[in-house]
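Notes for the one structure printed next.
The values are calculated or read from the model by the stated rules, or taken from the named source; none is laboratory data. Given the structure is predicted, the values throughout are model-derived calculations rather than measurements. So basically every Cβ, Gly included, is an ideal-geometry build from the backbone, and we count neighbours across all protein chains shown. We work out accessible area using only protein heavy atoms, side chains counted, and drop any ligands, DNA or RNA first. Shrake-Rupley method; radii C 1.70, N 1.55, O 1.52, S 1.80 Å.
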Amino acid sequence: MYMITIDSGTTNSRIRLVREKDTKVLDVIKKPVGVRDTAITGNSDSLKTSLSEGLQELIFRNGLEKEQIQYIVAAGMITSDLGLYKVDHIEAPSKIEDFARSSAVQRFDLFFNIPCIFIPGMKNRAGAFKEIQAEEISQLDVMRGEEVESFGLLKQLGLTGKGTILLPGSHTKFVFVNNGEIESCYTTLGGEAIHSISRGTILSDSLSKNLVASIEPEHLLAGYQSSKKYGLTRALFQVRLLHLYDIMNENQRSNYLVGAVIASDMAEHMMRRLKEQEWVVIGGGNPLRKAFAEVFSYLGFSHMIEAADEQADLSTVIGSRAIGNLVSLTKG
């Protein structure tokens, strides 16, 4: 038997065909569609059509019948109000069983009536605000999709105890875990900030179109140190100055920019909290995973674990399978 996972975000969706017995990914289709399309058009037609076409292509080109697909697991923004089927966030702290219990199973003609398990996201527990204070507001946070990645990494690495899973991407997500239970999360717009600054400001002339081709630790850390000392916006303008003075090449300036934004993500309160953890795992995609690992190494975090490429790639699949199996056992 087989399963299919759908990981749908703001701008892209990945559909993976997985062999159930050994969690081997047999095929992947990436569609340039996400909930941003829903927000722009006011309906989810584009998302539905693209995902249906992707599923059909995945099944047919692998010579399968729909009856051979045990279930589909959908996670990420696809379960938001802009997605395909809304599932409300569950409240932290949450175990993997809580996500399974609150998942919704639906069948759609567009998905060939194969059972589709929609996994909820999670929100931090927050009390009633008496006053608008920064400390209270900072406790608020949500996630969709990162819970699946987190459980997938935990299973692969066999970690227990108190730790943090760092997942850089469009957002920088800190997921705080205690003995397999997600206690809370904390999010920044780090990745989106890098993209917007590099494409939508004067700095676009100082950076390569593809931004970071390879990590250059010296220049990455120079940007990090500058941002810590002089502030993020000054460090960003220094990227322009480095170009005008012809001091660094495009890739080195791109590293400098990424280092400056990472420094903003790693605020003092976050540094204190991370130092209290038994371990910190860095997942997500490259080059940001490698960039964060270089910064953590520079900061002397001996309890830092950088996920391998295969572990990061499989995290969503393994987490989806674990929740999917639990749902199958409880909801049939």
Going by the structure shown, is Ala100 of a type in the set (A, V, I, L, M) and in a strand (DSSP E or B)? no
For the list (1) open to solvent by less than 40 Å² (accessible area, probe 1.4 Å); (2) in a loop (DSSP other than H, G, I, E, B), I need the number of the one condition that Asn113 fails. (1)
Here's a check for you: in segment 59-72, which residue that is open to solvent by less than 60 Å² (accessible area, probe 1.4 Å) and touching an Asp or Glu at 6+ places or on another chain (Cβ under 9 Å) is nearest to Thr41 (Cα to Cα)? Ile59
Within segment 96-106, considering residues that are without any contact (Cβ under 8 Å) to a residue 60 or more places away in the chain and open to solvent by 30 Å² or more (accessible area, probe 1.4 Å), the one farthest from Ile323 (Cα to Cα): Gln106
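Looking at Val28, is it outside any helix (DSSP H, G or I), free of Cβ contacts under 8 Å to residues at least 40 places away in the same chain and under 25 Å from Thr330 (Cα atoms)?
Details: outside any helix (DSSP H, G or I): yes; free of Cβ contacts under 8 Å to residues at least 40 places away in the same chain: yes; under 25 Å from Thr330 (Cα atoms): no.
Spelling it out, it is not the case that Val28 is outside any helix (DSSP H, G or I), free of Cβ contacts under 8 Å to residues at least 40 places away in the same chain and under 25 Å from Thr330 (Cα atoms).
Residue-by-condition table, conditions (1) loosely packed, with under 15 Cβ neighbours inside 10 Å; (2) under 23 Å from the mean Cα position of the chain (by Cα); (3) under 17 Å from Arg144 (Cα atoms):
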| residue | (1), (2), (3) |
| --- | --- |
| Asp81 | yes, yes, yes |
| Glu91 | yes, yes, yes |
| Ser94 | no, yes, yes |
| Phe108 | no, no, no |
Across segment 1-25, which residue is nearest to Gly83 (Cα to Cα) among those that are of a type in the set (S, T, N, Q) and not in a loop (DSSP other than H, G, I, E, B)? Ser8
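Residue under question is Glu135, and the condition is that it be open to solvent by 30 Å² or more (accessible area, probe 1.4 Å) and either touching a residue at least 12 places away in the same chain (Cβ under 8 Å) or within 26 Å of Thr79 (Cβ to Cβ) (or both); does it hold?
Values: open to solvent by 30 Å² or more (accessible area, probe 1.4 Å): yes; either touching a residue at least 12 places away in the same chain (Cβ under 8 Å) or within 26 Å of Thr79 (Cβ to Cβ) (or both): no.
No, not satisfied.
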The one condition in (1) touching a residue at least 12 places away in the same chain (Cβ under 8 Å); (2) more than 21 Å from the chain's Cα centre (by Cα); (3) assigned to a loop (DSSP other than H, G, I, E, B) that Pro120 fails to fulfil: (2)
From the set of residues in segment 27-40 that are open to solvent by 80 Å² or more (accessible area, probe 1.4 Å) and of a type outside the set (Lys, Arg), which is nearest to Gly9 (Cα to Cα)? Pro32
Give the residues of segment 181-200 that are without any contact (Cβ under 8 Å) to a residue 24 or more places away in the chain and more than 30 Å from Ile90 (Cα to Cα), sorted by residue number. Ser196, Arg199, Gly200
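Whether any residue in segment 245-258 is of a type outside the set (Ser, Thr, Tyr) and in contact with a strand residue (DSSP E or B) (Cβ under 6 Å, 6 or more places away or on another chain) is what I want to check.
Our first condition is that a residue be of a type outside the set (Ser, Thr, Tyr); within segment 245-258, this holds for 246-253, 255, 257-258.
Subsequent filtering for residues that are in contact with a strand residue (DSSP E or B) (Cβ under 6 Å, 6 or more places away or on another chain) retains none.
No, there is no match, as no residue in segment 245-258 is of a type outside the set (Ser, Thr, Tyr) and in contact with a strand residue (DSSP E or B) (Cβ under 6 Å, 6 or more places away or on another chain).
Taking the condition in a loop (DSSP other than H, G, I, E, B) and closer than 30 Å to Ala100 by Cα, does Ser170 pass? First the steps, then the outcome.
Values: in a loop (DSSP other than H, G, I, E, B): yes; closer than 30 Å to Ala100 by Cα: yes.
Spelling it out, Ser170 is indeed in a loop (DSSP other than H, G, I, E, B) and closer than 30 Å to Ala100 by Cα.
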Here the residues within segment 63-79 that are assigned to a helix (DSSP H, G or I) and free of Cβ contacts under 8 Å to residues at least 40 places away in the same chain are Glu67
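Are any residues in segment 189-206 part of a helix (DSSP H, G or I) and open to solvent by 60 Å² or more (accessible area, probe 1.4 Å), and if so, which ones?
Residues of segment 189-206 that are part of a helix (DSSP H, G or I), as a first pass: 190-200, 202-206.
Glu192, His195, Ser196, Arg199, Gly200, Ile202, Asp205 - these are the residues of segment 189-206 that are part of a helix (DSSP H, G or I) and open to solvent by 60 Å² or more (accessible area, probe 1.4 Å).
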When the residues of segment 149-188 are narrowed to those that are within 20 Å of Ala260 (Cβ to Cβ) and β-branched (Val, Ile, Thr), which ends up most open to solvent (accessible area, probe 1.4 Å)? Thr187
Residue within segment 108-120 that is at pLDDT below 95 and acidic (Asp, Glu) present: yes
List the residue pairs whose Cβ atoms are under 8 Å apart, where the first residue sits in segment 43-62 and is free of Cβ contacts under 8 Å to residues at least 24 places away in the same chain, the second is among the β-branched types (Val, Ile, Thr), and the two are 6 or more positions apart or on different chains. Ser46/Val33; Ser46/Thr38
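Taking segment 269-303 as the search range and keeping residues that are hydroxyl-bearing (Ser, Thr, Tyr) and at pLDDT 95 or above, which one is least open to solvent (accessible area, probe 1.4 Å)?
Initially, segment 269-303 is screened for residues hydroxyl-bearing (Ser, Thr, Tyr), giving 297-298, 302.
Imposing the further condition that a residue be at pLDDT 95 or above reduces the set to 297-298.
Numbers: Ser297: 77, Tyr298: 107 Å².
Among residues in segment 269-303 that are hydroxyl-bearing (Ser, Thr, Tyr) and at pLDDT 95 or above, the one least open to solvent (accessible area, probe 1.4 Å) is Ser297.
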